[in-house]
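One structure below.
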Amino acid sequence: MQELQDILVSEIANGVLTLTLNRPAAFNALRNQLLSELADTLDAAAINDDVKAVLVTGGDSVFAAGADIKEMASLDMVGVMNDIRPTYWKRIAAFPKPLIAAVNGYALGGGCELMMHCDIVIAGDNAQFGQPEINLGIIPGAGGTQRLIKAVGKSMAMQMVLSGAFISASQARDFGLISEVVIPERTIDRAREVASLIARKPPIAVRLAKEVLLKAFDTSLDSGLNLERKAFTLLAATEDRNEGIAAFTEKRKPNFKGK
Ligand code: CAA
């Protein structure tokens, strides 16, 4: 376990790297230090072949209560305009391997937005999700307006962003914001199971699947289908595709090598 200032970085286990947000006294508020550590760690994980998937969690009681309001308070308009934070968010969004979130407790503001940067979300039934920025006289600033509406649809996104009201884990699941709800004691283990399952799949296919799926959010059906066909074609050149088909035919488990 590597202990950075604001996050804990686990050893890689079964291809899964676990990152734990570690500012419990501030409800894991996402100050610049934390975001920069997250972006740096993900950049390193992106080029580490041993990392097949990354699990992000805030631990047992809170995911993250948003941007650090005390840090944000020192920025005027020009300060916000020149803020380094969007560069961290871009790096997190560009992480090419699967990102799985395990959410217990609050995922608010930037915390909800961080969660929406993740590809799969497992939540405890104690989780609450919200974009309460409106109560501070601002709006979501890390993709919340765009990603939330794509995840939950117009009416619920409007309700959450305009009123600042929170939704429960079961509502979040019903609206498609997250994929599973479990008891809080199981959240991290269940997310790790999902991450480990994905970590055993052929890495190049996983990476291209993530890229093509995410493209559906910001392209036409026609361009998305073209991209899918190109990725599908590219995969025909991989050893893992031959291995997957051979293993099926020979009725054995495949041994994927990421080649
Ligand atoms: N930033 C900085 N500190 C925070 C914080 C935040 N976002 N959220 C909580 N904390 C701190 C509190 O200041 C408090 O610290 P002290 O003990 O030193 O005072 C500690 O965490 C515990 O918080 P509370 O005493 O408020 O605990 P609570 O159980 O009564 O309430 C809460 C918990 C509902 C999460 C409440 O703290 C809260 O509403 N937090 C702010 C949520 C919010 O507005 N998030 C959006 C931030 S803006 C943003 O994220 C912009 C963006 O899109 C990028």
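The values are calculated or read from the model by the stated rules, or taken from the named source; none is laboratory data. Keep in mind the model is a prediction, meaning the values are calculated, not measured. Heads up, the Cβs are rebuilt from the backbone with ideal geometry, glycines too, and the neighbour counts pull from every protein chain shown. Areas reflect the complete protein model, heavy atoms only, side chains present, ligands, DNA and RNA absent. Shrake-Rupley method; radii C 1.70, N 1.55, O 1.52, S 1.80 Å.
Restricting to segment 177-221, and then to whatever is among the polar types (S, T, N, Q) and open to solvent by 30 Å² or more (accessible area, probe 1.4 Å), can you tell me which residue is nearest to GLU11 (Cα to Cα)?
The qualifying residue nearest to GLU11 (Cα to Cα) is SER179.
Could you check how many residues of segment 25-34 are outside any loop (DSSP other than H, G, I, E, B), near the ligand (Cβ under 9 Å from one of its atoms) and open to solvent by 10 Å² or more (accessible area, probe 1.4 Å)?
Number of matching residues: 2.
If you go through segment 4-14 one residue at a time, do you hit one that is open to solvent by less than 70 Å² (accessible area, probe 1.4 Å), farther than 27 Å from VAL182 by Cβ and in a helix (DSSP H, G or I)?
No, that holds for no residue.
Let's see how each residue does on (1) within 16 Å of the ligand (Cβ to nearest atom); (2) small (Gly, Ala, Ser):
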{"residue": "GLU3", "(1), (2)": "no, no"}
{"residue": "ALA13", "(1), (2)": "no, yes"}
{"residue": "LEU19", "(1), (2)": "no, no"}
{"residue": "ALA46", "(1), (2)": "no, yes"}
{"residue": "GLY58", "(1), (2)": "yes, yes"}
{"residue": "SER61", "(1), (2)": "yes, yes"}
{"residue": "ALA65", "(1), (2)": "yes, yes"}
{"residue": "VAL78", "(1), (2)": "no, no"}
{"residue": "ALA94", "(1), (2)": "no, yes"}
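Just a yes or no: is a residue in segment 152-166 buried (at least 21 other Cβ atoms within 10 Å of the Cβ) and more than 22 Å from ALA67 (Cβ to Cβ)?
Scanning segment 152-166 turns up no residue that is buried (at least 21 other Cβ atoms within 10 Å of the Cβ) and more than 22 Å from ALA67 (Cβ to Cβ).
Just give me the residues in segment 114-129 being farther than 21 Å from PHE217 by Cα, more than 12 Å from the ligand (Cβ to nearest atom) and open to solvent by 10 Å² or more (accessible area, probe 1.4 Å), in sequence order.
ASP125, ASN126 - these are the residues of segment 114-129 that are farther than 21 Å from PHE217 by Cα, more than 12 Å from the ligand (Cβ to nearest atom) and open to solvent by 10 Å² or more (accessible area, probe 1.4 Å).
Check off (1) touching a residue at least 24 places away in the same chain (Cβ under 8 Å); (2) surrounded by fewer than 17 Cβ atoms within 10 Å (Cβ to Cβ) for THR233 and give me the number that stays unchecked.
Unmet condition: (1).
Take segment 151-170 and flag every residue that is away from the ligand (no atom under 16 Å from the Cβ) and touching a residue at least 40 places away in the same chain (Cβ under 8 Å).
SER170
Confirm whether GLY224 is open to solvent by less than 60 Å² (accessible area, probe 1.4 Å), within 15 Å of the chain's Cα centre (by Cα), within 30 Å of THR145 (Cβ to Cβ) and of a type outside the set (Ser, Thr, Tyr).
The answer is no for GLY224.
Among residues belonging to segment 130-150 that are open to solvent by 60 Å² or more (accessible area, probe 1.4 Å) and not in a loop (DSSP other than H, G, I, E, B), point out the one that is farthest from the ligand (Cβ to nearest atom).
Only one residue fits best here, namely LYS150.
Determine whether ALA64 is in the same structural domain as GLU180 (by TED's automatic domain parsing), at pLDDT 95 or above and surrounded by fewer than 21 Cβ atoms within 10 Å (Cβ to Cβ).
So ALA64 fails the test.
Restricting attention to segment 35-61, and to residues there that are part of a helix (DSSP H, G or I) and hydrophobic (A, V, I, L, M, F, W, C), which single residue is most open to solvent (accessible area, probe 1.4 Å)?
Filtering segment 35-61 for residues that are part of a helix (DSSP H, G or I) and hydrophobic (A, V, I, L, M, F, W, C), the one most open to solvent (accessible area, probe 1.4 Å) comes out as ALA44.
Could you check segment 238-259 and list, in sequence order, the residues that are farther than 17 Å from LEU197 by Cβ, within 30 Å of the chain's Cα centre (by Cα) and not acidic (Asp, Glu)?
THR238, ARG241, LYS257, LYS259
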